[in-house]
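Data block below; observations after.
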Ligand SMILES: Nc1ncnc2c1ncn2[C@@H]1O[C@H](COP(=O)(O)OP(=O)(O)O)[C@@H](O)[C@H]1O
Ligand SMILES: [Mg+2]
C-alpha cells in the first residue's frame, strides 16, 4: 500500500515535470533565437543529472514481479519502457540533450514499475527533487532571459526609432548640403563675375587715364630706322610747355645777367635797384620749374611702365578668349586670373585670386613656343624645370614663396607663387629716382639675408639674375624672385662652369661672366655680390655704375663690364665713405678679393656697427 502511494506520487511528479518541460519546450521552440540559447542554458543544468543516473546492473534488472526487466528494456515492441540505449546512454546525453516529452515519458515506467532492488524510493524522490529544483532554476533562468529578451526587444525598437529619426536628419542634412553646394556654385560664379567686372573697370579707368596722360606727359611712338622699328618718346603738352618755360626763363636770366654787367658800367641807378629782385624771381621760377619737370619725369616713367604693361596685357595669352579658354580663365577650377603683373622673354606672370583660400597669388606661366628651334626648346625646358626645382625647395621670408606647380597642357606649366602686392625695385626707383642711404642700406640688408640663405643650402644656389626687376618690395619688406637663370653648385665645389653665357641683364652681371676663352668661365656666388653692389649704387645715385644710359647690346659690344675695373662715385648725393667702401668691396673686379655673400652679410657696415 505504502509502495503504491510512493509510486503514485512519483508518477504525478514525473508527469508534472513532463508537462512543465513540454511547456518550456514550447517556449524554447518559439520564434526567437535567444530561446534556443536559453535551452542550451537549461541543458547545462539538466544534463549532469541525467549523466549521473546510475545504469541498472543486469542482476538488478528484475521488477517486483520477478520479471526480467532487461528484456522489457530491450523489447522494442514494449510500449511502457523505451530501450536503455535510446534514453539513458550517457554518451547520447552528453552529445545533445533534447528535452522532448517522450524522453520524460520514458521515466514513467520506471516509476510505475516496482523498484527492482537498488533504486530505492528515496533515491527516486531525491532525483525527482533535484530535477524539480533544476527545473525551477531553468524556469527562473528562462524567465530572466525572457525578460532580457523583452528588454532588448524594447531597446531595439527604441534604437530603430532613433535610427529612423537620425536617418531623417541625415536626409535633411544631405538636402541642405546639396542646396548649399548649389548656392556655393552660384556664389562662386557671382564672385568670378564680380572680380572680372571690377578688374575690367579698373583696366578701363587706367586706360582712359593713360590716354589723357599721354596728351599731358607724352607717348611712345614707333619710328622706322632702316629696316627696324624703334621706340621713340614724344613729349606731351605739359612737359613741352614746362620745358619751353624753363628755356625762356634761362634765356631771360642770361639777358638780365648781361644787362647787369652793362648797368654796372652805365651806372643806371634805377635799373640796378630792380634787377637783383627780377633775377631772384627768375631763379626761383627756374627752381620751381626744374622741380616740376623732375616730378613730370617720374610721372612719365610710371606712365611708360603702365603703358607697357597695358600693351603687354592686351597681347597676353589669357587676356583674350580663344577656342581653348575664355578670357581671364579659372585654372584648375581654383585660380582666377585677374591681371598681368609682368612679362619676360619666356614667361607671363599674372595676379590671380585663389577661389579656395580666398587670397591673391602670382602665377607664372612657362610656355614652350612650338615655332622655336629644337635647341631653344630644349634649353628653355632645362631652365624652366631647373627654376621650378630650385624655387620650390626654398623657404625664407626674403624669398618669394613657391606654393605649387601645375600642368596646363603639353607645352605649358605654371608655378603658383606668393603674391607681393607692392612693386618691383625697378618701378620703385622709377617713382623715387634716388633712395637715401639709410633706406638703401636696409634694402641691401634684406637682399643679403636672402642671398645668405641661398648660400647655406646643402647645394648652394646662385641666383645669377639679381636686378631691380627681380626684387619685390612691399611695405618695407624685400623679397627675391625669378630663379629662371639660377644655378646650383655641387656640395664641396667652390666654382661652377658657366655654360649659358650671354643670357641675363648685362648691367648687373659680374666681369667673370663675360670671360671668353677655350673653356667656359668659372663662377661662384660672388656674381650675386657684384649684382647687389650694382643695385646698391643705382639706388643711391639713380644711375648705373657701368654702362648707364647705354643699350644692353652696346654694353656687351663695347665690353663695358669687362673693362669695369674700378668704380667711381658721383659727388651728389652725399654718401658716407663706409658705404662707398662697402660698394667697392662688392664691385671688386678681382673675384678672389671680392667679398663673398657671408662676408658681406656680416660686414660691420651692413650689420650697422659702424
Ligand atoms: N610674386 C610676385 N608678386 C608680384 N609681382 C610679381 C611676382 N612675381 C613676379 N612679379 C612681377 O612680374 C615680373 C616678371 O616676373 P619674373 O618672375 O621676374 O619673370 P621673368 O622670368 O619673365 O623675368 C617681375 O618683374 C615682377 O614685376
Ligand atoms: Mg624677371
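The values are calculated or read from the model by the stated rules, or taken from the named source; none is laboratory data. Here the structure is a predicted model, which means the values were calculated and not measured. Quick reminder, even Gly has a Cβ in these numbers, built from the backbone with ideal geometry, and neighbours come from all protein chains shown.
Odds and ends about this structure:
- Of the residues making up region 448-474, those that are more than 19 Å from residue 386 (Cβ to Cβ) and either within 16 Å of ligand 1 (Cβ to nearest atom) or under 25 Å from the mean Cα position of the chain (by Cα) (or both) number 6.
- Residues being within 16 Å of ligand 2 (Cβ to nearest atom) and touching a helix residue (DSSP H, G or I) at 6+ places or on another chain (Cβ under 8 Å) - total across region 431-451: 1
- Qualifying residue in region 521-532 (condition: in contact (Cβ under 8 Å) with a residue 12 or more places away in the chain, within 16 Å of ligand 1 (Cβ to nearest atom) and not assigned by TED's automatic domain parsing to the domain that holds residue 391): yes
- Which numbered condition residue 393 misses (of (1) surrounded by 19 or more Cβ atoms within 10 Å (Cβ to Cβ); (2) away from ligand 2 (no atom under 16 Å from the Cβ)): (1)
- Evaluation of residue 344 against (1) within 16 Å of ligand 2 (Cβ to nearest atom); (2) more than 28 Å from residue 218 (Cα to Cα); (3) out of contact with any strand residue (DSSP E or B) (no Cβ under 8 Å at 6 or more places or on another chain) (one fails), failing number: (2)
- Among the residues of region 217-234, none qualifies, meaning not one is assigned to a helix (DSSP H, G or I), loosely packed, with under 12 Cβ neighbours inside 10 Å and not assigned by TED's automatic domain parsing to the domain that holds residue 285.
- Residue 515, sole failed condition from (1) under 21 Å from residue 598 (Cα atoms); (2) more than 16 Å from ligand 2 (Cβ to nearest atom); (3) out of contact with any helix residue (DSSP H, G or I) (no Cβ under 7 Å at 6 or more places or on another chain): (1)
- Of everything listed in (1) assigned to a helix (DSSP H, G or I); (2) within 15 Å of ligand 2 (Cβ to nearest atom), the single unmet condition for residue 454 is (2).
- Evaluation of residue 367 against (1) in contact with a helix residue (DSSP H, G or I) (Cβ under 8 Å, 6 or more places away or on another chain); (2) within 16 Å of ligand 2 (Cβ to nearest atom); (3) free of Cβ contacts under 8 Å to residues at least 40 places away in the same chain (one fails), failing number: (3)
- Residue 283 vs. criteria free of Cβ contacts under 8 Å to residues at least 40 places away in the same chain and away from ligand 2 (no atom under 16 Å from the Cβ): yes
- Selection status of residue 552, modelled with pLDDT under 95, under 23 Å from residue 429 (Cβ atoms) and within 45 Å of the chain's Cα centre (by Cα): yes
- Going through (1) within 16 Å of ligand 2 (Cβ to nearest atom); (2) touching a helix residue (DSSP H, G or I) at 6+ places or on another chain (Cβ under 6 Å) one by one, residue 384 falls short only on (2).
- Number of residues in region 477-505 that are more than 13 Å from ligand 2 (Cβ to nearest atom) and at pLDDT below 95 equals 16.
- Scope region 457-467; condition near ligand 2 (Cβ under 10 Å from one of its atoms) and surrounded by fewer than 20 Cβ atoms within 10 Å (Cβ to Cβ); matching residues: none
- Subset tally (residues that are more than 9 Å from ligand 1 (Cβ to nearest atom) and not in a loop (DSSP other than H, G, I, E, B)) for region 475-486: 3
- Condition check for residue 355: over 30 Å from residue 453 (Cβ atoms), within 20 Å of the chain's Cα centre (by Cα) and touching a residue at least 40 places away in the same chain (Cβ under 8 Å): yes
- Boolean, residue 360 is within 15 Å of ligand 1 (Cβ to nearest atom), surrounded by fewer than 15 Cβ atoms within 10 Å (Cβ to Cβ) and at pLDDT 95 or above: yes
- Criterion violated by residue 445 - all others in (1) surrounded by fewer than 19 Cβ atoms within 10 Å (Cβ to Cβ); (2) within 12 Å of ligand 1 (Cβ to nearest atom); (3) modelled with pLDDT of 95 or more satisfied: (2)
- Selection status of residue 284, part of a helix (DSSP H, G or I) and within 15 Å of ligand 1 (Cβ to nearest atom): no
- Meets criteria (more than 25 Å from residue 379 (Cα to Cα), in the same structural domain as residue 535 (by TED's automatic domain parsing) and more than 13 Å from ligand 1 (Cβ to nearest atom)) for residue 489: no
- Qualifying residue in region 370-388 (condition: modelled with pLDDT of 95 or more, within 13 Å of ligand 1 (Cβ to nearest atom) and outside any strand (DSSP E or B)): no
- Region 396-430, residues that are within 14 Å of ligand 2 (Cβ to nearest atom), in contact with a strand residue (DSSP E or B) (Cβ under 6 Å, 6 or more places away or on another chain) and not in a strand (DSSP E or B): 400, 420, 425
- Filter result for residue 437 (more than 9 Å from ligand 1 (Cβ to nearest atom), over 24 Å from residue 365 (Cα atoms), touching a strand residue (DSSP E or B) at 6+ places or on another chain (Cβ under 7 Å) and outside the structural domain of residue 337 (by TED's automatic domain parsing)): no
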